[in-house]
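Values in this text are rule-based calculations from the coordinates and carry no lab data. Nothing here was measured: the structure is a model prediction, and the numbers come from that model. Glycine gets a Cβ as well: all are built from the backbone with ideal geometry, and neighbour counts include every protein chain shown.
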Amino acid sequence: MELKAGYKQTEVGVIPETWQCCSLGDVVDLLTGLPFPSAGYVQSGVRLLRGSNVKRGCTDWTEKLTVYWPSITTEVKKYSLKAGDVVVAMDGSLVGRSFAFLGENDVPSLLLQRVARIRSDRLAQTYLKVWVCSQRFTNHCDTVKTASAIPHISPSDIRSFKVAFPPTKAEQEAIAEALSDADALIESLDQLIAKKRQIKQGAMQELLTGKRRLPGFSGEWRVRCLNELAVIDPEQLSSNTQPEYEFKYISLEDVDFGALRGHSFQVFRYAPSRARRRLRVDDLLVSTVRPNLKSHLWFRDRSANWVCSTGFSVVRCLESVSHPGYVFAHLFADGIAKQIDALLTGSNYPAINSRDVRQLQVPVPSLEEQTAIATILSDMDTELAALESRLAKARQIKQGMMQELLTGRVRLL
């Protein structure tokens, strides 16, 4: 493929001829931390930045994670951090994903062992952050990290990471600023989603217990077992099922906290032995394996030939007694969570069975009030889904921006 005039091929892709491409180690000062002895830790003083304080793109100084050194003496001054430093945790299950750009609130602090501090005179620190806190860096770490019980990377692994950059810090900073604006949008959406989730959780706590009644409704609520509100596991594929019967299959791994992430197509002859429970629209799938993870689902698909794993108990609400949306909301509320926790207490294997599901208790108003409550909570879910879609799109746009800006396809100066 012929290169566009003014561009060249490099290890990070096609970049402008005036840009440079090199290993990170050629343009940065990388320092790893000091093994401060734990015997010297104190109750207050200068914070020590450990790997556990470095999260995905941020620092975490919560009390349970933070330890202190008495002061910054001449002997440890070399390990003093400053705002603008890029830090990378060098071991742990999230190695290659635990990095941060330090701000004014992160200093004063000292660098502990197994964390790398990166500074540069040739690169703007904000531009350096874009490269090190990127998916490209994560992919690099996944390639070079050790495969031991505790994965880790070395300083030379970090130094070998390839970066491309324009000749002036002004252009580097312009690129970083554009991407920072994209990050700000993503962060604002993250915060809004978290706030909306808290609001929904509060509404559930009030509406599902009758602490707050909707206008126009009165009367006492009754506590009823699920088997009074629904048929449990109503339809199964029998051993006499035609061997060539084809169906869409939902496994335990396909459901994540109320969301269907995928499914597979199966033929009965070759299907997993757990593929037995038939589904219909508005069935509720209650995860009986590790139920505390709340991998439950309100099945809304109207097409035929759906089957789920026997790792779920299928709850089919009685039309004249219960609303599936109301019962489904209870699967994520405190009342049922506490009942399930009690069932799991002392168990070596975190699971319940269909008999346990039948006996789960739910406070129930009239069907009309159930429907009204379910509608309100469903509207909240719709709003959350729309925000999460916007967040996913914002992240995609940022990835596209990075691809264009960090290779010079789009120039800002």
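In the stretch 52-171, Cα pairs under 8 Å separated by at least six residues give a relative contact order of 25 percent.
Each part gets one Cα centre, and for the stretch 35-77 versus the stretch 177-205 those centres are 29 Å apart.
Based only on the alpha carbon positions, what is the Kirkwood hydrodynamic radius of the chain, in angstrom? Roughly 25.6 Å, rounded to one decimal. When the Cα positions of V410, G40, A342 are compared along the charge dipole of the chain, G40 comes out farthest toward the positive end, with charges on each C-beta of Lys, Arg, Asp and Glu. Annotation: amide H of D233 within the under-5 Å range of V314, V315, R316, sequence separation 5 or more or interchain, hydrogens built in the peptide plane. Ordering S154, S71, S303, S287 from the fewest to the most neighbouring beta carbons within 10 Å gives S303, S71, S154, S287.
The protection proxy used here, the mean number of other Cβ atoms lying within 10 Å of each residue, ranks peptides 28-34, 232-238, 59-65 as follows, highest first: 28-34, 232-238, 59-65. Mean-square fluctuations from a GNM of the chain, with a 10 angstrom spring cutoff on Cα atoms, peak among I15, I150, I158 at I150. 3J(HN,Hα) along the stretch 265-282, derived from phi through the Karplus expression 6.51 cos²θ - 1.76 cosθ + 1.60 where θ = phi - 60°, amounts to 9, 10, 10, 3, 4, 10, 6, x, 5, 7, 6, 9, 8, 6, 10, 9, 4, 6 Hz, with x in place of Gly and Pro. Could you work out the relative contact order of the chain, using alpha carbon pairs under 8 angstrom and six or more residues apart, expressed as a whole percent? Once divided by the residue count of the chain, the mean separation gives 16 percent.
So what J values fall out for the stretch 188-195 if you push phi through Karplus, 6.51 cos²θ - 1.76 cosθ + 1.60 with θ = phi - 60°, rounded to Hz, Gly and Pro as x? Result, rounded to whole Hz: 5, 5, 4, 5, 5, 5, 4, 5.
Legend: ranking of residues S218, S156, S80 from fewest to most surrounding C-beta atoms inside 10 Å; resulting order S218, S156, S80.
Under the criterion of Cα pairs below 8 Å and six or more residues apart, the relative contact order for the stretch 292-413 equals 26 percent. Centre-to-centre separation between the Cα atoms of the stretch 289-332 and those of the stretch 209-264: 2 Å.
Sorted ascending by nearby beta carbons within 10 Å, beginning with the fewest, F165, F332, F257 become F257, F332, F165.
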